[in-house]
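Okay, so here's the structure we're looking at.
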């Protein structure tokens, strides 16, 4: 009877363990995960190292970091998980060079709301940030714009093909309504 009990216990433990492993592997990428896709280009003496997006009506934030390294590697974009909702660009963190960080620049662009749609990949565009040298060692950000760039979208769809096939792809440029993209245009069907 002891062996039967031990065998039953072992089967139960193995079943329970495999269920846990199954849940843990799904926890890494749960069903219905929402993603943000963007690229950042800096023009001028300042290099953008970090962007902070704040949520309207809540205290949620999304922070895109290590942006100064985007152009140096193979990946020319950021694809990251995000909570669904309405966001706006609230701060830009520049770097004067690779060793010196500049001061935080508050943007609070509440007119440029980005709607992040649940259970989809949300391409918010390529963000171009222009800076200017106003005097010796004094720099400022003078402008930033969001633009759709098919090269960024295609590069991400090619590199993350399985993810792009599984989820809807939405273009959600600041100040515009989200627009679902036909997957045929991305070569996914």
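Each value in this text was obtained by applying a stated rule to the coordinates, not by laboratory testing. Note that the structure is a prediction, hence the values are computed from the model and not measured. Neighbour counts are summed over all protein chains in view; Cβ atoms, including those assigned to glycine, are modelled from backbone coordinates with ideal geometry.
Given R₀ = 30 Å, FRET efficiency for residue 182-residue 132 by Cβ-Cβ distance, to 0.05?
On the way: r = 40 Å, r/R0 = 1.33.
Calculated value: 0.15.
Determine Rg/Rh for region 32-186; Rg is computed over alpha-carbon atoms and Rh is the Kirkwood hydrodynamic estimate from the same atoms.
In region 32-186, Rg relative to Rh is 0.97.
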